[in-house]
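Q: Attaching a single structure in structure tokens format; questions to follow.
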Amino acid sequence: MPRTIVPIGPYHPLQEEPEFFILTVEGETVVDIDLQIGYNHRGIEKLSERKTYDQVTFVVERVCGICSTSHPFAYTQAVEDLISVEAPPRAKFIRTIIAEGERLHSHLLWLGLAGHFLGYNTIFMWAWKLREEILDVMEILSGNRNNYAMFKVGGVWRDIQAQDIPQVLKKIESIIPTLEKLKKAVIDDPVLHARTKGIGILSKEAAIDYGAVGPTARASGVDRDIRKNCPYGAYDQIDWDMIVTQNGDVFDKVVIRINEMFESIKIIQQCLARLPQGPIDCVIKDIPPGEGIGHIEAPRGECFHYVRSDGTNRPVRHKIRAPTFMNLPTFKETVIGGTISDAAIVLAAIDPCYCCTERMAVRNRKGQTLWTGEDLIRLSQEKTAQIKTQMGQS
Amino acid sequence: MGILDDAFLKSLWVFHLATGSCNNCDIEILDCLTPRHDIERFGMLLTGSIKHADVLLVTGAVNRQCIPRIKRLYEQMPQPRLVVAIGECALSRGVFIHSYNCPLPLDHVIPVDVYIPGCPPRPEAIIAGLVKLIDQRKAQTGQAKV
């Protein structure tokens with residue numbers, strides 16, 4: 001059957017962010033996928049080498065607007081690891097509250113977009129309407145809708161006021177019934193079952209081989225969550241469950257995210273009820289030479305930061321590994337073999353975030369030739385033919 | 001005032017272009033379209049093709065890979081056309097001003113009609129900016145304001 005190449009992107013109505021997929025199809029079946037990124041690259045790792053340690057928290061906040069807590073969280077953990085200090089307990093609880101609020105709004109955002117991709121615009125509108133409530137909560141807590149600017153090395157910038165807590169708890173509780181309704185609408189819908197069950201299956205072995213992280217791995221039965229495996233913030237003092245499902249298809253990824261939202265609400269409620277008194281930051285005099293790592297569970301998976309210091313007030317190296325970087329290669333497993341009409345939802349199922357991923361995507365193609373596998377085979381065959389003619393064979 | 005100007009401002013269709021943004025401005029644009037803010041009451045609709053669009057919404061610190069693509073998209077737009085720069089990055093590159101991959105602010109690449117500052121701008125600010133755009137256009141063509 002003849003092969004057709006279907007380009008998706010770089011600016012495509014399906015996508016919010018610019019990225020370029022090249023799907024090779026035979027009839028309806030996808031046989032190969034290639035991905036070109038770099039439309040979002042802003043050179044943040046290099047940029048943070050010319051900022052002071054406090055300024056870098058604001059730069060990494062702008063790595064990704066949806067994960068604008070995860071990156072500063074991992075970065076402050078890395079610098080705290082480098083100085084060997086620990087944030088005071090109250091700061092840890094505030095950080096946990098903000099991180100879970102971000103998970104709530106991120107999962108709702110994804111759920112809405114997934115509904116949109118499947119042709120259920122009602123889910124899109126519902127989920128985004130509900131998301132506004134969470135943004136209101138975040139505005140009460142931090143003063144901002146999206147970039148919260150709460151994190152600083154050794155603590156947080158802003159305290160949670162006692163008079164705000166009842167208002168926040170009330171808003172969080174008012175979200176639960178709507179969320180239950182949304183859960184029923186999504187999980188019990190027969191059409192959604194037909195569209196998502198058994199589609200884009202990532203087996204447990206493949207998830208481990210590709211090093212998948214976050215909900216993508218947990219949907220395949222890999223019980224890996226940094227919040228449980230390597231607790232940070234206040235997660236070890238709070239009662240919550242890790243959600244793991246076994247099938248690895250798109251439906252399980254939906255179920256994981258919906259159930260995680262309920263866990264996030266549980267965590268926020270407990271944190272607000274048990275918020276300890278005390279200072280919200282500690283004094284840091286100087287940063288010694290050395291290196292530190294920080295990793296946290298972002299809504300999309302493990303977010304990893306590495307910082308190296310030479311004793312000055314700027315990091316000499318700052319490395320970011322975003323969760324989507326690990327989850328992208330799983331497309332090779334999930335998209336190939338499916339039909340092209342399922343490609344959109346399978347590509348969206350890992351909740352990809354390209355502006356997080358493009359920290360390392362620099363490629364100078366000027367004056368360079370890109371050799372594909374076929375090109376190399378052709379060159380090799382041509383060389384054999386050449387040698388044959390030289391040796392007098394035909 | 002021609003019939004074109006009159007019809008043009010009744011329903012502005014917008015095309016959203018992310019040029020290396022952090023997603024924040026992009027999700028605030030989507031927020032404008034969802035129930036709480038509902039920008040469709042001004043006749044605005046997000047369109048998938050640049051050839052159907054009246055307004056180009058640009059977000060993000062314009063990076064090297066995007067510059068030729070922005071120019072191409074701008075040239076493909078049917079006239080009359082309007083360009084709105086959303087967010088600090090599109091205005092002046094914001095926090096990425098010293099980055100090696102963001103050489104120019106947006107208005108050095110294509111002409112810009114309205115600048116909406118903020119990191120990210122609130123949906124209310126985006127709506128206010130677009131209403132100002134309509135008003136400015138109406139003043140130019142001698143129509144009554146919104």
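Q: Which of A:142, A:84, A:264 moves most in a GNM of chain A, Cα contacts under 10 Å?
A: Greatest mean-square fluctuation among the candidates belongs to A:84.
Q: Using a 1.4 angstrom probe, figure out how much accessible area chain B has per residue, in square angstrom, rounded to the nearest whole. Before the final figure, lay out the partial values.
A: Working: 6090 Å² over 146 residues.
I get 42 Å² per residue for this part.
Q: Express the accessible area of the stretch A:143-276 per residue in Å², computed with a 1.4 Å probe while the remaining protein chains stay in the model. Display every interim value, and only then the final one.
A: Numbers: 5500 Å² over 134 residues.
Ligands and nucleic acids excluded, the figure is 41 Å² per residue.
Q: Okay, next question. Compute the semi-axes of the equivalent ellipsoid of chain A, taking the square root of 5 times each eigenvalue of the Cα gyration tensor, and list them largest first in whole Å.
A: Numbers: eigenvalues 321, 169, 55 Å².
Taking √(5λ) for each Cα gyration eigenvalue gives 40, 29, 17 Å.
Q: Okay, moving on. What is the sum of charges around residue A:342, taking Lys and Arg as +1, Asp and Glu as -1, for the other residues whose C-beta is under 12 Å from the C-beta of residue A:342?
A: That works out to 0.
Q: While we're on this one: Compute the projected area of the convex hull of the Cα atoms of the stretch A:255-304, averaged over all viewing directions, and report it in nm² to one decimal place.
A: Details: hull surface 22.1 nm².
One quarter of the hull surface, i.e. the mean projection, equals 5.5 nm².
Q: Suppose each label sits 7 Å from its Cα in the direction of the beta carbon; what would the residue B:11-residue A:308 distance come out to in nanometres?
A: The answer from the label model is 5.9 nm.
Q: Can you give the accessible area per residue of the stretch A:17-141, in Å², using a 1.4 Å probe?
A: Details: 3160 Å² over 125 residues.
I get 25 Å² per residue for this part.
Q: Comparing the chain by itself with all protein chains present, which residues of the stretch A:8-38 are at least 40 Å² less accessible (probe 1.4 Å)?
A: A:11, A:16
Q: Another question, then. Output the 0 to 90 degree angle, nearest 10, between the alpha-carbon long axis of helix A:121-142 and the longest principal axis computed from the alpha carbons of chain A.
A: In chain A, helix A:121-142 runs at an angle near 40 degrees to the longest axis.
Q: Further question: Pop out a list of residues from the stretch A:138-157 that are at least 10 Å² less accessible with all the protein chains around than in their chain alone; 1.4 Å probe, no ligands or nucleic acids counted.
A: A:139, A:145, A:146, A:147
Q: Pick from A:316, A:213, A:346: which is most flexible by mean-square fluctuation in a GNM of chain A where alpha carbon atoms under 10 Å apart are linked?
A: The residue with the greatest mean-square fluctuation here is A:316.
Q: Placing +1 on the Cβ of each Lys and Arg and -1 on the Cβ of each Asp and Glu in the protein assembly as shown, which of A:206, A:71, A:18 has its Cα farthest towards the positive end of the resulting dipole?
A: The one lying farthest along the dipole's positive direction is A:18.
Q: Relative to the present Cα-Cα distance, how much length would full extension add between residue A:52 and residue A:136 at 0.36 nm per residue of separation? Could you put the intermediate results ahead of the total?
A: Working: separation 84, 0.36 × 84 = 30.24 nm, distance 3.13 nm.
My answer for the length gained is 27.1 nm.
Q: Please get the size of the charge dipole for the stretch A:111-182, origin at its Cα centre, with Cβ charges of +1 on Lys and Arg and -1 on Asp and Glu, quoted in debye to the nearest 20. Please list the in-between numbers first.
A: Working: 8 positive and 8 negative charges, 28 e Å.
Result for the stretch A:111-182 is approximately 140 debye, rounded to the nearest 20.
Q: Could you give the size of the charge dipole of chain A about its Cα centre, using +1 on the Cβ of each K and R and -1 on the Cβ of each D and E, expressed in debye and rounded to the nearest 20?
A: Working: 46 positive and 50 negative charges, 156 e Å.
Charge dipole, chain A, about its Cα centre: 740 debye, nearest 20.
Q: May I pose another question? Using R₀ = 51 Å, calculate the FRET efficiency as 1/(1 + (r/R₀)^6) where r is the Cβ-Cβ separation of residue A:22 and residue B:79; round to 0.05. Could the numbers behind the result be given before it?
A: Details: r = 33 Å, r/R0 = 0.64.
Result of the calculation: an efficiency of 0.95.
Q: Also: P(r) for the stretch B:3-141, please, calculated from all Cα pair distances in 10 Å bins and given in %.
A: Reading upward from the zero bin: 12, 46, 34, 8, 0.
Q: Working out 0.36 nm times the residue gap between residue A:169 and residue A:266, then minus their Cα-Cα distance, what length gain in nm do you get to one decimal? Please list the in-between numbers first.
A: On the way: separation 97, 0.36 × 97 = 34.92 nm, distance 1.08 nm.
In short, 33.8 nm is gained.
Q: Separate question: Over chain B, what is the relative contact order in whole percent, taking alpha-carbon pairs under 8 Å and six or more residues apart?
A: Values: 257 pairs, mean separation 36.8, N = 146.
Answer for chain B is 25 percent.
Q: Report the gain in length on full extension from residue A:85 to residue A:237: 0.36 nm times residue separation, minus Cα-Cα distance, nm rounded to one decimal. Walk me through the intermediate numbers first.
A: Working: separation 152, 0.36 × 152 = 54.72 nm, distance 1.92 nm.
Stretched fully, the residue A:85-residue A:237 segment lengthens by 52.8 nm.
Q: Next question, about the same structure. What's the longest bit of chain A with no exposed GluC sites (Glu not before Pro), using DSSP loop states and at most 14 other Cβ atoms within 10 Å as the test?
A: Values: sites that count: A:28, A:86.
It runs A:87-394.
Q: Please compute, for peptide A:63-73, the average count of beta-carbon atoms on other protein chains lying within 10 Å of each residue's beta-carbon. Provide the component values of the computation, followed by the final result.
A: Values: counts 2, 4, 12, 5, 2, 4, 0, 0, 1, 0, 0.
Mean inter-chain Cβ contacts per residue within 10 Å come to 3.
Q: Still on this structure, I have one more. In the stretch B:98-144, what residues drop by 50 Å² or more in accessible surface going from the chain by itself to the full protein assembly, probe 1.4 Å?
A: Correct list: B:98, B:100, B:119, B:122.
Q: Putting +1 on Lys and Arg Cβ atoms and -1 on Asp and Glu Cβ atoms, find which of B:96, A:220, A:340 reaches farthest to the positive end of the dipole of the protein assembly as shown.
A: B:96
Q: If you roll a 1.4 Å probe over the stretch A:219-263 with all protein chains in place, what percent of the accessible area is carbon or sulfur?
A: Result for the stretch A:219-263: 41 percent of the exposed heavy-atom area is carbon or sulfur.
Q: Here's another thing I want to ask about it. Which of the trypsin sites (Lys or Arg not before Pro) found in the stretch A:237-281 are in a DSSP loop and have at most 12 neighbouring Cβ atoms, other than their own, within 10 Å? Please list the in-between numbers first.
A: Working: sites: A:253, A:257, A:266, A:274; in loops: A:274.
Listed in order of number, the matching sites are A:274.
Q: Now for a separate question. Between their Cα atoms, which of A:204/A:319; A:92/A:319; A:51/A:319; A:204/A:253; A:285/A:319; B:10/B:138 are more than 18 Å away from each other?
A: On the way: A:204/A:319 28 Å; A:92/A:319 24 Å; A:51/A:319 14 Å; A:204/A:253 13 Å; A:285/A:319 24 Å; B:10/B:138 11 Å.
Too far apart for the 18 Å limit: A:204/A:319; A:92/A:319; A:285/A:319.
Q: From other protein chains only, count the Cβ atoms within 10 Å of every residue's Cβ in B:12-23, then give the mean. All intermediate terms of the calculation are to be shown ahead of the outcome.
A: Values: counts 0, 0, 0, 2, 3, 2, 11, 4, 10, 9, 18, 16.
The shielding value for this peptide is 6.
Q: Where Rh denotes the Kirkwood radius from the mean inverse Cα pair distance, what is Rg over Rh for the stretch A:108-241?
A: Values: Rg = 18.2 Å, Rh = 17.9 Å.
Result for the stretch A:108-241 is an Rg/Rh of 1.02.
Q: Does anyone have the angle between helix A:89-117 and the longest principal axis of chain A? Alpha-carbon axes, 0 to 90°, nearest 10?
A: With both axes taken from Cα atoms, the answer is about 40 degrees.
Q: In degrees, nearest 10, range 0 to 90: what is the angle between the Cα axis of helix A:250-273 and the longest Cα principal axis of chain A?
A: Between the helix axis and the principal axis of chain A, the angle is about 20 degrees.
Q: If you take the accessible area of A alone, add that of B alone, and subtract the area of the pair, what total do you get in Å², probe 1.4 Å, to the nearest 100?
A: On the way: alone 17920 and 7840 Å², together 22420 Å².
That pair of chains buries around 3300 Å² in total.
Q: Which of A:57, A:324, A:312 moves the most in a Gaussian network model of chain A with Cα springs under 10 Å?
A: Largest GNM mean-square fluctuation: A:312.
Q: Rounding to the nearest 20 debye, state how big the charge dipole of chain B is about its Cα centre with +1 on each Lys and Arg Cβ and -1 on each Asp and Glu Cβ. Spell out each step's value before the answer.
A: Details: 15 positive and 14 negative charges, 54 e Å.
It works out to roughly 260 debye.
The values are calculated or read from the model by the stated rules, or taken from the named source; none is laboratory data. Remember, it's a predicted structure, so these values are computed and weren't measured experimentally. Here Cβ is always computed from backbone atoms with ideal geometry, including for glycine, and neighbour counts include all displayed protein chains. Accessible surface is based on the protein model in full, side chains and every heavy atom, while ligands, DNA and RNA are left aside. Shrake-Rupley method; radii C 1.70, N 1.55, O 1.52, S 1.80 Å.
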